[in-house]
1. Among the residues of the stretch 296-311, write down those that are part of a loop (DSSP other than H, G, I, E, B) and within 23 Å of Phe525 (Cα to Cα).
2. Pull up the stretch 718-727, narrow it to residues that are within 19 Å of Ser672 (Cα to Cα) and in contact with a Pro (Cβ under 9 Å, 6 or more places away or on another chain), then point me to the one that is least open to solvent (accessible area, probe 1.4 Å).
3. Would you be able to say whether some residue in the stretch 484-494 is touching a Pro at 6+ places or on another chain (Cβ under 7 Å) and not β-branched (Val, Ile, Thr)?
4. Please go through the stretch 287-316 and give me each residue that is touching a Phe, Trp or Tyr at 6+ places or on another chain (Cβ under 9 Å) and of a type in the set (Asp, Glu), ordered by number.
5. Considering the stretch 35-74 alone, what residues qualify as being farther than 16 Å from Gly205 by Cα, β-branched (Val, Ile, Thr) and in contact (Cβ under 8 Å) with a residue 40 or more places away in the chain?
6. Residue check: is Ala775 open to solvent by 50 Å² or more (accessible area, probe 1.4 Å), hydrophobic (A, V, I, L, M, F, W, C) and under 25 Å from Thr688 (Cβ atoms)?
7. Take Glu281 and tell me if it is on the phi < 0 side of the Ramachandran plot and among the charged types (D, E, K, R).
Amino acid sequence: MKRLKWLALLPAFFAGYVLRAQKVSSAKTLSKVFSTKDFSLTIDTRGWIMGIRSLPGGEDYVPKDHPGSLLQLVKGDRRIVSDSAGFGKDFILLFYPDHYTAKVKVSGRTDYLRFELVGLARRTGVVGPGGTAAGTDDPGVDAVLWGPFNTSLSDTIGNTVGIVRSAVFAIGLQTLNVKTTGGVLQNEEGAVFERGSTATKEVFGSSLQAFTVNRSHPRVITVSGWKNVPVEGIAGGNMEGSALAVFGCRNADVLPTISSIEKSEGLPHPIWRNEWIKQSEFPGHPYMISSFSEENIDTLLSYAKSMGLDGLYHEGPFSTWGSFELDKNLFPHGRAGFKACVDKAHALGLRLGFHTLTDFITTNDAYVTPKPNPHLAMAGSSVLAGDIGPADTEIPVQSPDCFTRRSDLNGVRIGDEIVRFREVSPAAPYRLLGCVRGAFGTSAAAHKKGDLAGRLIDHPYKVFFPDWTLQKEIASNIARFLNETGADQMDFDGHEGMYMTGMGNLALEAFAEDVYKLLKHPVVFGSSRSAHYFWHMNDYLNWGEPWYGGFRESQSDYRIDNQKFYEANYLPNMLGWFLITPQTKPEDVDWMLARAAGYNAGYALVVPPDDARNNPRMREVIESIHSWTEAQQKHAFSSSQRVWLKDTSYDAHLERAGAASSSAWKIYKYKSVVFEHAMKVLQPGQPTSSEWSFENKSANQSVQMVLLAAGKNGRIDHPVIELDNSFRVEIPVPIEAGQSLVIDGSSTAVLYDNKGRFVKNIVLEKGLPLLAKGAHPLLFDCQFSADADISVRIKVKLLETTEEVGAR
């Protein structure tokens, strides 16, 4: 009953509160104002947020007719809003319909307000000993919701970090522990999908919110699409202790305020090279990804160093995930060999990291074979309806419920054996059919009636997952690898796999914090997933994959769209991964490097060792990357140059002006115009060609054209280009759907496939001519195959200006 001590004080306190309220004019609502040096927050006698004001004497940012709420309760589908509140010296008592009561401790700091749920109960209406109101400390509440803290601000919405901004002022929310999840509660597991909802845009402006799910007792819920999954309660899973900081300040003070919160509240506060990492440029610097080994590490480090990149990152050094055993073909000396690679990188001033799927467990890992760990995550279980022998391929089960879903591994753990099955019979007596016994190196064995058959949760990557208990062990495995090798970069890729525990964002963020707290040296962390509390440990996000096309084709819109998200959430600009192939040319990387300069963004270059070695122009590629990287990191580009460098319709090329040590460059600005030629239905005799005109604003210059067969089916035959009503070139090869042909002043054109990979060189009768300044008519014609569902896009690339670039 100690937890309910505060509840016994309610009758006397509340009576006094009513008397005090009666002394206030009926025209004025009794309320309490909580203040920091930069803002104040007003809560009225209902527990509603009626004011959020900048100080001194500034604007009130609570939108008219849209007050917020300090704390709501969730029971089933109901959202229960407080209807009265009382204020103590350092706490607020909130009263709800159906006799629910919450106690929130309030602490005023210099630059933020701290709120913590310290009590939650349901008053039964029974008079207890001494005349006090009796209650229960298990009120049956499923979750508590902080907020929404509604504001009129809408210029910038930092949906993950939980900060909304106007041009001058910011209001933010920071959760203070992993049990408090930033975002909107959307499901029973407490998972916040996509990119977060701690801050959301609303018709009136914006709102900030967080929640805590009651995980103190067993539940049966949906887990990442798996229905009716039993999830055990956990120690510390109660809602008391849920806490958050709320602040308002000038935009320039947002990061210093968060830094203060981190240090005051004991939150993760990572330091990199003697600087808080959130205010450091280093996490946003480019790096190289490659499959380095003890044998080739020196060569790959020399590539990274020559390009001016910050580090080298292994794309997959492990032969297993879970225990994280290194691939012996790459690292015959095991972790000592990996550490030797780290030491070589550090000696060159580079960081060295690795990639893994964070809590994915491969079927060849010791957690699966030869004896499966009892803490592999399960979607449910049944008991055997009869004895089975080690060779039986039909297994009787009492209930079919957790076996009806087909998945990639269709695995069942029975004792120390994993069984794969094809399907469960549709009617009683239920049997698992088409069973493969002793799967994944486990041993087929006899099992008794009543033995547990647990359905294992899996994934299309052909992996299993840990439960809440085992995920902590896997976190320690990652931390141990980092500590033993000295590696100082890692992505929490597959971070969403934590959801398979049934603990939602609690699992995702607790896993990262467990790793972080075990570290003995600074590590730069990325992730496949953004999350509010994880933001404190998440140093960059580098989204955008190179597998779907060339430098400019593979997810280019997605990469650019990400920049606004990064900026709104105080994360470094990153452009994602780009792939170097044997055919990559300097002009291929220029497009990406121009965007990087415009956004001051980092990126990752994927450099397969064999592809780099077989690229005849690799030295030129390296020199180009080095020039762009050096100019960017010296802030050599002017603000006006950075504006047009963000524009994907421009191409650019950078050359150093003067000696190799010079900090001055020339940048060539190219503008492209795009025309489209489609199949036409015409009368007999009408020309099928298309005609346009474009302007060369510069002096005489060579022109480059790219013909793209845009679409999925068919091809074009006999393409023809005419310029200035006089020059004509015929292309002697067909262009298949998705392919592109690059033509310039030379007599050799280059054909690329739909992913930007080199196909072959095409010899032309002649190259494109020099173009004089002024307007130029252009004609294109071709024949479409019978099955063609394509059009032809003709891009004309012309030099527009040459500008000076210098260190500033």
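The values are calculated or read from the model by the stated rules, or taken from the named source; none is laboratory data. Quick caveat: nothing in here was measured; it's all calculated off a predicted structure. Don't worry about glycine lacking a Cβ; one is built from the backbone with ideal geometry, like all the others, and counts go over all protein chains shown. Just so you know, the surface numbers come from the protein's heavy atoms only, side chains and all, with ligands and any DNA or RNA stripped out. Shrake-Rupley method; radii C 1.70, N 1.55, O 1.52, S 1.80 Å.
1. Here is the first cut: in the stretch 296-311, the residues part of a loop (DSSP other than H, G, I, E, B) are 296, 308-310.
Answer for the stretch 296-311, where residues must be part of a loop (DSSP other than H, G, I, E, B) and within 23 Å of Phe525 (Cα to Cα): Gly308, Leu309, Asp310.
2. Taking the stretch 718-727 and keeping what is within 19 Å of Ser672 (Cα to Cα), we get 721-724.
Next, from what is left, pick out any that are in contact with a Pro (Cβ under 9 Å, 6 or more places away or on another chain): 722-724.
Values: Glu722: 48, Leu723: 1, Asp724: 59 Å².
Restricting to residues being within 19 Å of Ser672 (Cα to Cα) and in contact with a Pro (Cβ under 9 Å, 6 or more places away or on another chain), the top hit is Leu723.
3. Quick first cut of the stretch 484-494, residues touching a Pro at 6+ places or on another chain (Cβ under 7 Å) only: 488.
The next check asks that each one be not β-branched (Val, Ile, Thr); those that pass are 488.
Scanning the stretch 484-494, I find at least one residue that is touching a Pro at 6+ places or on another chain (Cβ under 7 Å) and not β-branched (Val, Ile, Thr), so the answer is yes.
4. Glu294, Asp310, Glu315
5. Once the filter is applied, which keeps residues that are farther than 16 Å from Gly205 by Cα, β-branched (Val, Ile, Thr) and in contact (Cβ under 8 Å) with a residue 40 or more places away in the chain, the stretch 35-74 yields Thr36, Ile43, Thr45, Val74.
6. Working: open to solvent by 50 Å² or more (accessible area, probe 1.4 Å): yes; hydrophobic (A, V, I, L, M, F, W, C): yes; under 25 Å from Thr688 (Cβ atoms): yes.
Against the criterion (open to solvent by 50 Å² or more (accessible area, probe 1.4 Å), hydrophobic (A, V, I, L, M, F, W, C) and under 25 Å from Thr688 (Cβ atoms)), Ala775 qualifies.
7. Working: on the phi < 0 side of the Ramachandran plot: yes; among the charged types (D, E, K, R): yes.
Answer is yes for this residue.
So that you can scan it fast, the table gives a plain yes or no per residue for (1) in a loop (DSSP other than H, G, I, E, B); (2) touching a residue at least 60 places away in the same chain (Cβ under 8 Å); (3) touching a Phe, Trp or Tyr at 6+ places or on another chain (Cβ under 8 Å); (4) open to solvent by 80 Å² or more (accessible area, probe 1.4 Å):
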site	(1), (2), (3), (4)
Ala652	no, yes, yes, no
Trp665	no, yes, no, no
Val673	no, yes, yes, no
Pro684	yes, no, no, yes
Ala699	yes, yes, no, no
Ala710	no, yes, no, no
Val729	no, no, no, no
Pro732	yes, no, no, yes
Val742	no, no, yes, no
